[in-house]
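Quick notes on the structure that follows.
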């Protein structure tokens, strides 16, 4: 479904807030053709608004995205190059070639890739193509966190105590950290998205954390310069959406609370921020506008603040000179289409509304749905989306996605599946909407964080608005419990679906469910395995009476399977579920829960190789960036052995026990595939 933008609440806002009177500037013509220099979800998002405004759209794509959803949505699409971003989406020269060849008058960079690249913005201007973003000078001013903080200090925007200078010698940086006082936060000066950031609790840990941070910064941004700041122990992350035009007008479209984070990456965002006093909202908005004016800003931008929970004081962190991933929550509470605003401003038109005409309506929450495994340290997951069923969209539920069922999540890009956005009249209503929408989301083929997200929404602190950036770490045990074991009814549903799966119209399926045979009642045994636990279900019956024996319990049932939708009545309890199979795996969705089991076919021959725990394998495709041990070295449990970089994030392969490193199979710089043996390890 193609969601309409802006959201339906915009009609109420529009009636209360009429458009400003027409002027020579507002009469400036809109572009006819827009090139979207991005991929995935954000490319789809931009294309939708552009098409709604009557613009012709041009997509660009890599080898990995040749059949992607955004390519199909655009009016035309041009090939850029191989899958790695450096050979495709970061090829500014090639993108400009396509812009000229396709007749594009403007380029929307989305977020990530070239969206905050000052050279690309300048190249667009030099080529006579409108860059849908701020001028190169503003990107340059805010692109360096240290330089930006110097500018903010002059503009009297509050700053966190720290070091933002050019001297980058490790000993000097450690001395600065010691002087600031621990804990401190090391941040890549050119960074964002949680990459190149480390919290350091004590001086002894600083050297290793700095080295890791700089490696990650070089890999992600090509610049290993860092800054050091005092780390607030109970901070909130609150950001302000600003918008400026070419005529000196600048407004703020209120705040978003992005405090629910994991490894400095946002997980849930909401607007407005819970329990934020009106005077604080106004002060933050005015400070954000001052920050934008200080650099001659034009277009959409986000000024990020860190707020001390205890004192309520807020401090400038950085300005993102682009549209944010979480911009939909602002759209939902204001009724404004921020992409449409971007296009109008880039075309030389004035801001659609003044500050006095903007108002907050209701509450909105966004959840980022990722292909990742929370039970394995949130390692990114890759694979094919064998079954994908998002919740139905409505005035209260919006799904921004770049994938369809059958698409693949590749190791080359961010593993986001979708952004799920909900709206309610109150925060409590929005929380209910989010819980229901997460419960209805079905994904099979890759591991996801859906269950984890639902537990956050149900968390008492989050539900009450008692949020800070430590919420996930503080509640990790309750947010990451062991997998839910299927009960007797769920196992019965697995067996009923298995029996029906051959097709309800075939004699085999009919006999399996009715239990009819020439010689009387039939019995069919099913074996399901979850982890180390096995469950046996015996299905038997005679015409009109179906019985299941489940782990010692006896149940009576009837059932019907249509595609993946299973309807069953078990001991008078009607159950509606979805059932999906892939190889030997079976997945069941019911009442907002998800169960995964292995169906063991007693007649199938299986020969699986096994490896001892001494062989440490790559948990995902990636590149070895550092060896932390040597063959023959004796190490303690948990000691780092090797650092693997995947999707621009570092992952440490640690010793599973006290023991000896027997061999290391890859050198720094070498690529590894999922499952490759990395270390031969012998436990003591």
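The values are calculated or read from the model by the stated rules, or taken from the named source; none is laboratory data. The structure presented is a predicted model; accordingly, all values stated were derived computationally and were not measured. Don't worry about glycine lacking a Cβ; one is built from the backbone with ideal geometry, like all the others, and counts go over all protein chains shown.
Are there strands (runs of 3 or more DSSP E) fully within region 334-404 with at least 2 residues that are farther than 28 Å from residue 674 by Cβ and assigned by TED's automatic domain parsing to the domain that holds residue 421? List them. Working first, answer last.
Working: elements: 363-370, 387-389, 397-401.
The qualifying strands (runs of 3 or more DSSP E) are 363-370, 397-401.
Mind telling me which of the residues 291, 300 ends up being crowded, with 17+ Cβ neighbours inside 10 Å, outside any strand (DSSP E or B), assigned by TED's automatic domain parsing to the domain that holds residue 340 and touching a helix residue (DSSP H, G or I) at 6+ places or on another chain (Cβ under 7 Å)? Walk me through how you get there before you give the answer.
Numbers: 300 fails: outside any strand (DSSP E or B).
The unique qualifying residue is 291.
From 270, 216, grab the single residue that is in contact with a helix residue (DSSP H, G or I) (Cβ under 7 Å, 6 or more places away or on another chain) and in contact (Cβ under 8 Å) with a residue 40 or more places away in the chain.
Working: 216 fails: in contact with a helix residue (DSSP H, G or I) (Cβ under 7 Å, 6 or more places away or on another chain).
Matching residue, one of 270, 216: 270.
Any residue in region 195-206 that is surrounded by 17 or more Cβ atoms within 10 Å (Cβ to Cβ) and in contact (Cβ under 8 Å) with a residue 40 or more places away in the chain?
Step one: of region 195-206, the residues surrounded by 17 or more Cβ atoms within 10 Å (Cβ to Cβ) are 195-198, 200, 206.
Within this subset, residues satisfying the condition of being in contact (Cβ under 8 Å) with a residue 40 or more places away in the chain are 195, 197.
Checked against the condition, which is being surrounded by 17 or more Cβ atoms within 10 Å (Cβ to Cβ) and in contact (Cβ under 8 Å) with a residue 40 or more places away in the chain, region 195-206 yields at least one hit.
Scan 360, 333, 365 and give me the residue that is more than 23 Å from the chain's Cα centre (by Cα) and either under 28 Å from residue 469 (Cα atoms) or surrounded by 24 or more Cβ atoms within 10 Å (Cβ to Cβ) (or both).
Residue meeting the stated conditions: 360.
For residue 84, indicate whether it is in contact with a strand residue (DSSP E or B) (Cβ under 9 Å, 6 or more places away or on another chain), at pLDDT below 95 and within 24 Å of residue 407 (Cβ to Cβ).
yes
Counting only residues that are more than 29 Å from residue 371 (Cα to Cα) and touching a strand residue (DSSP E or B) at 6+ places or on another chain (Cβ under 6 Å), give me the strands (runs of 3 or more DSSP E) lying completely in region 616-682 with at least 1 of them. I'd like the intermediate steps shown before the answer.
On the way: elements: 622-627, 640-646, 649-654, 659-664.
So the answer is 659-664.
For region 474-507, which residues satisfy the criterion of being outside any helix (DSSP H, G or I), at pLDDT 90 or above and in contact with a strand residue (DSSP E or B) (Cβ under 8 Å, 6 or more places away or on another chain)?
486
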